[in-house]
Amino acid sequence: MARETPLALTRRARRINRVLTETYPDAHCELDFTTPLELLVATVLAAQTTDVRVNTVTPALFARYPDALAYAQADRAELEDLVHATGFFRAKAAAVTGLGQALVDRFDGVVPRRLADLVTLPGVGRKTANVVLGNAFGVPGLTVDTHFGRLVRRFGWTDEEDPVKVEAAVAALLPRAEWTMFSHRVIWHGRRCCDARRPACERCPLTRDCPSAFLGATPGRATGAGPTAARTTGITATTGTAARRSSGARRNSGPPPGV
């Protein structure tokens, strides 16, 4: 079967985005926050855990530390106790304290609005920076977390594993204005349908345009529809191996924090 042309890939990517828009009209950032600082801290804490778990910790945390100076001056033991439930609590407490100090020292205690500035902060990588930019400041960005990378490889949009290269590949396929919301839709789809180990292809709205459809079906699922569904895409499933490699990845995987 012929490989997909760049134009055909772009058209297919935009069809997938349209279907995800219809499927998840309420998609949004699932971390609770009211200010850019709260979102920044919550995203740092979300490494190697779930948004749900972070949301159980942040009400008390945000009440105790209302600004960057409060984090900079925080008692380490008390801060570690407050974030303990998120895992890697010592590293996260150190990152949050350093984050507060850096904001005070270099940005007058205010979260910067530029990616180049955000990624200089302790515990902040491109993923975290794009979460903050897109959801606190309205600056479009792609959030390449574990779900995002797994799904776009299953979609056949890229074979890349490196998050920066994944981000660049997806950015070339979609309008910039769509980047933030597309990230939410993909993450929602990964959490609700396209599971790492047991993708629910039999109820997925994307099977027509997904070259990996039914390749990962497990016993007891609608495997009989697999060959037909896979053929309807009309493209070569070049990333099936990459998708299966990523199937064991945990949400928010990677060295915490600094993602």
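Listing for the model above:
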item	result
Number of the exception - Arg197 against (1) touching a helix residue (DSSP H, G or I) at 6+ places or on another chain (Cβ under 9 Å); (2) assigned to a helix (DSSP H, G or I); (3) basic (Lys, Arg)	(2)
Some residue of region 95-105 being assigned to a loop (DSSP other than H, G, I, E, B), under 26 Å from Thr49 (Cβ atoms) and among the small types (Gly, Ala, Ser)	no
Test: residue in region 167-186 that is outside any helix (DSSP H, G or I) and surrounded by 23 or more Cβ atoms within 10 Å (Cβ to Cβ)	no
Residue within region 90-106 that is within 19 Å of the chain's Cα centre (by Cα), at pLDDT 95 or above and within 18 Å of Thr143 (Cα to Cα) present	no
From the options Leu206, Leu142, Leu151, residue that is crowded, with 18+ Cβ neighbours inside 10 Å and touching a strand residue (DSSP E or B) at 6+ places or on another chain (Cβ under 6 Å)	Leu151
Helices (runs of 4 or more DSSP H) contained entirely in region 1-66, each with at least 3 residues that are assigned by TED's automatic domain parsing to the domain that holds Val104, buried (at least 17 other Cβ atoms within 10 Å of the Cβ) and in contact (Cβ under 8 Å) with a residue 40 or more places away in the chain	36-45
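The values are calculated or read from the model by the stated rules, or taken from the named source; none is laboratory data. Everything numeric in this text was worked out from a predicted model, so none of it was measured. Cβ: placed from backbone, ideal geometry, glycine included. Neighbour counts: every protein chain shown.
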